[in-house]
Amino acid sequence: MSQERNTQTNDDARSTDLRDSTMMAHLMDALEAGTDIGHYGRLTFAMIARHFLDESELVRLLSNQPDHGETDARTLVQQVQDRGYNPPKRERILEWQAQQDFPICPSVDDPASCNVYRDLRFPDEVYEHIEEFYEERAEAREVGGRDQS
């Protein structure tokens, strides 16, 4: 199934060009060079890049990893798409980075870095999915009696 890409220019400072995110440019450069970005680096890249690159380009980049060929890349992309994973928050990226050698976030000391929601403009359905998640969570808390006033 073909996925529409958001190429619309918006009034905010967010971009639809992956390279406008320092972290994504860092990951893309490493992938192009054939550097092993680790499992969580690949997962992070796939979760974000799938909204900006066509599937063949995404698979091409991910399959350029040591011990991670085209079949592995296609499987990862398919899993991320099937599960509808949202792009991870900075905190999650840092948690994952702590579990591997490759630095997913190249500048962890900068609190503004590696926040892809600040840097990139995702398709509207990503934001809608996040909003639905938080609404469902709030409803579950109300039903569970935790949010009684």
> For residues in the range 28-57 being under 15 Å from the mean Cα position of the chain (by Cα) and of a type in the set (Val, Ile, Thr), which is farthest from Lys89 (Cα to Cα)?
Replying inline: Ile37
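Just give me the residues in the range 101-121 being of a type in the set (Phe, Trp, Tyr) and out of contact with any helix residue (DSSP H, G or I) (no Cβ under 8 Å at 6 or more places or on another chain), in sequence order.
Pass one, the range 101-121, residues of a type in the set (Phe, Trp, Tyr): 102, 117.
Result: Tyr117, single match.
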> Would you pick out the residues in the range 68-123 that are touching an Asp or Glu at 6+ places or on another chain (Cβ under 7 Å) and over 19 Å from Leu58 (Cα atoms)?
Replying inline: Phe102, Asp119
>> I want to confirm something. Restricting to the range 60-71 and keeping residues that are within 18 Å of the chain's Cα centre (by Cα) and part of a helix (DSSP H, G or I), which single residue is farthest from Met28 (Cα to Cα)?
In response: Arg60
>> Quick check on the range 1-49: of everything there that is in contact with a strand residue (DSSP E or B) (Cβ under 9 Å, 6 or more places away or on another chain) and of a type in the set (Asp, Glu), which residue is modelled with the highest pLDDT?
In response: Asp36
> Just checking, which of Asp101, Asp72, Asp67 is at pLDDT below 95 and among the acidic types (Asp, Glu)?
Replying inline: Asp67
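The values are calculated or read from the model by the stated rules, or taken from the named source; none is laboratory data. If you're wondering where the values come from, they're calculated on a predicted model, not measured in any experiment. So basically every Cβ, Gly included, is an ideal-geometry build from the backbone, and we count neighbours across all protein chains shown.
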